[in-house]
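Peer 1: After the C-alpha cells below, expect a handful of questions from me.
The values are calculated or read from the model by the stated rules, or taken from the named source; none is laboratory data. Values in this document were obtained by computation on a predicted structure and should not be read as measured data. FYI the Cβ positions are ideal-geometry reconstructions off the backbone, even for glycines, and counts take in every protein chain you see. Just the protein is used for accessible areas: all its heavy atoms, side chains included, with ligands, DNA and RNA removed. Shrake-Rupley method; radii C 1.70, N 1.55, O 1.52, S 1.80 Å.
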Amino acid sequence: MKHFINIRDIPSKELKKIILDAKKRKIKRKNFNTLESDKDSPLKGKLLIQMFEKSSLRTRLSFYIAIKQLNGGALTLRPDELHLSKGGESLADTAKIISTFGNAFMLRTDSERKLEILKKNMTIPLINGLSPNSHPTQVLSDVFTIEEIKKKPISNLQICWIGDSNNVLNSLIEASVKFSFKLNIGCPKKYKPYTKLLNWAKKNKGKIKIFYNSKDAAKGSDVIFTDKVISMNDKLNKHKKLKEFKNYKVNSIVMSYAKKDAIFLHCLPRGSEVSNDVFLGKQSKVFQQALNRIYVQKSILLYCFEKLR
Ligand code: CP
Ligand code: NVA
C-alpha cells in the first residue's frame, strides 16, 4: 500500500502512470451512469473512509463517486462527532481503528502534523485531501485536465500562476518539477513561495520564474491559473491581504498577454481574484477541471492500493 500525501514524495514515473490510467478509464466510461462500476471492479468491496476538518464540495463528491465507480464504498466521518475532536481519544488510536475498519483514509486537515502522526499510525493508505501547505489531488487532476485539453504533454507547455503562494501553488511547484514544465508565478513580493520549496525545485531542475507583475507572468503562457487570495487556513488580516492583491486579479487584459489559445483554470471555490467575464468566458475550463477530479481520484486510489496497471 502507498500513501498520497505530497507530490514531491512520489516518483515522476508513478505520477505519470496515474495520469495515464485516468485517461484510459475516462475513455472506457462513455455512456456509464454516475454510480455504475467500471467493468473490472478493481476495488470491489473496499471501504474509503473520509473526513473533512475544513469545508469541501468537489473533493467530497469526487472521492465518493470515485470509490463507487471502482466498486467500493465510502463513509464520511464528521470530526465533531468523533471522540478525537473533544480530546477523548488520541489521533494515534483513531488512526489504528480507522485502519482496522476501513481500507483507505482520505483527510482534509488544518494541520501538517496530523498527517505526520496519522502516517506513522496507519496501516492503510492515507490521502491528503488538502492541508494548509498542500493540495496534491487537485494539482494532479489539473495536470490531467491540461493534457486532455491541450492534447500534448504538459512538459511542452508554459503554465502561469497568478495570485497567492498557497497550498495549491505549493503542489503546482512540486508538479512542475515532477512533470518538468515551465511555471511562471506572478505575485506580490511579500507573498512569494517559501524559499525552502523554491530551493528544492531549483535543486531538482525546476523551471520556475517569479514575476512581481501579473502581465509579465502571463506573457506567452498556455494556461493561466489562479485561486482565492484568502485560503481556508489563512489567519491574517484578510482585508489588508485582499488590498495587497488588487493588481493581481485575472481579467481579460491579463488573459490577453497569454497565448491566443490559452485556457483559464481555477480549482474553486472562487473569490474576487478573477473577473466574471474570464471565469465564465470561452477560455475558462473550470467546470471540466472540477469534474475531472473524479477520474484522477480513481487512479490515485488505485495507485494507493497498488493496482495501477
Ligand atoms: N477544489 C476543491 O478542492 O474544492 P472543494 O474545497 O470544494 O473540495
Ligand atoms: N487555497 C484554497 C483551496 C480551496 C480548494 C484553500 O485552501 O482554501
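Peer 1: Could you tell me whether D93 is among the acidic types (D, E), surrounded by fewer than 16 Cβ atoms within 10 Å (Cβ to Cβ) and modelled with pLDDT under 95?
Peer 2: On the way: among the acidic types (D, E): yes; surrounded by fewer than 16 Cβ atoms within 10 Å (Cβ to Cβ): yes; modelled with pLDDT under 95: no.
Considered against the rule, which asks whether it is among the acidic types (D, E), surrounded by fewer than 16 Cβ atoms within 10 Å (Cβ to Cβ) and modelled with pLDDT under 95, D93 comes out as no.
Peer 1: Within the stretch 242-271, how many residues turn out to be touching a residue at least 60 places away in the same chain (Cβ under 8 Å) and within 16 Å of ligand 2 (Cβ to nearest atom)?
Peer 2: Qualifying residue count, the stretch 242-271: 7.
Peer 1: Here is a check on your reading of the model: is V229 within 16 Å of ligand 2 (Cβ to nearest atom) and in contact with a His (Cβ under 7 Å, 6 or more places away or on another chain)? Lay out the reasoning, then the answer.
Peer 2: Numbers: within 16 Å of ligand 2 (Cβ to nearest atom): yes; in contact with a His (Cβ under 7 Å, 6 or more places away or on another chain): no.
It is false that V229 is within 16 Å of ligand 2 (Cβ to nearest atom) and in contact with a His (Cβ under 7 Å, 6 or more places away or on another chain).
Peer 1: Among the residues of the stretch 39-50, how many are open to solvent by less than 10 Å² (accessible area, probe 1.4 Å) and either within 16 Å of ligand 2 (Cβ to nearest atom) or free of Cβ contacts under 8 Å to residues at least 40 places away in the same chain (or both)?
Peer 2: Qualifying residue count, the stretch 39-50: 1.
Peer 1: Looking at the stretch 147-170, which of its residues are away from ligand 1 (no atom under 16 Å from the Cβ), within 16 Å of H266 (Cβ to Cβ) and aliphatic (A, V, I, L, M)?
Peer 2: I149, I159, I162
Peer 1: Only residues that are away from ligand 2 (no atom under 16 Å from the Cβ) and either crowded, with 18+ Cβ neighbours inside 10 Å or within 19 Å of N184 (Cβ to Cβ) (or both): list them for the stretch 144-158, please. Even if it seems obvious, please write down each step before you answer.
Peer 2: Kept after step one, since they are away from ligand 2 (no atom under 16 Å from the Cβ), are these residues of the stretch 144-158: 144, 146-158.
Passing the criteria: F144, I146, E147, I149, K150, K152, P153, I154, S155, N156, L157, Q158.
Peer 1: Given S55, S141, which one is closer than 23 Å to S171 by Cα and open to solvent by 60 Å² or more (accessible area, probe 1.4 Å)? Don't jump to the end; show me each part of the working.
Peer 2: Working: S141 fails: open to solvent by 60 Å² or more (accessible area, probe 1.4 Å).
Going through S55, S141 in turn, just one is closer than 23 Å to S171 by Cα and open to solvent by 60 Å² or more (accessible area, probe 1.4 Å): S55.
Peer 1: Collect the residues in the stretch 104-132 that are assigned to a helix (DSSP H, G or I) and of a type outside the set (A, V, I, L, M, F, W, C), keeping them in residue-number order. Before you say what the answer is, go through the steps one by one.
Peer 2: Filtering the stretch 104-132 down to residues assigned to a helix (DSSP H, G or I) leaves 112-121.
Correct list: E112, R113, K114, E116, K119, K120, N121.
Peer 1: Could you tell me whether the stretch 128-135 includes any residue that is within 13 Å of ligand 1 (Cβ to nearest atom) and open to solvent by 10 Å² or more (accessible area, probe 1.4 Å)?
Peer 2: Keep residues of the stretch 128-135 that are within 13 Å of ligand 1 (Cβ to nearest atom), which gives 128-131, 134-135.
When the remaining residues are screened for being open to solvent by 10 Å² or more (accessible area, probe 1.4 Å), the result is 130.
Yes, the stretch 128-135 has at least one match.
Peer 1: Follow-up question, since we're still on this one. Cβ-Cβ distance below 9 Å, separation of 6 or more or different chains: which pairs start in the stretch 1-22 with a residue that is of a type in the set (K, R) and end on one that is assigned to a loop (DSSP other than H, G, I, E, B)?
Peer 2: Here the result reads K2/I10; K2/P125; K2/F305; K2/E306; R8/N204; K16/F179; K17/L308; K17/R309, each pair linking the stretch 1-22 to a residue that is assigned to a loop (DSSP other than H, G, I, E, B).
Yes/no per residue for (1) among the small types (G, A, S); (2) open to solvent by less than 80 Å² (accessible area, probe 1.4 Å); (3) over 20 Å from the mean Cα position of the chain (by Cα):
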site	(1), (2), (3)
P193	no, yes, no
N199	no, no, yes
A218	yes, yes, yes
E244	no, yes, yes
K260	no, no, yes
G281	yes, yes, yes
K298	no, yes, no
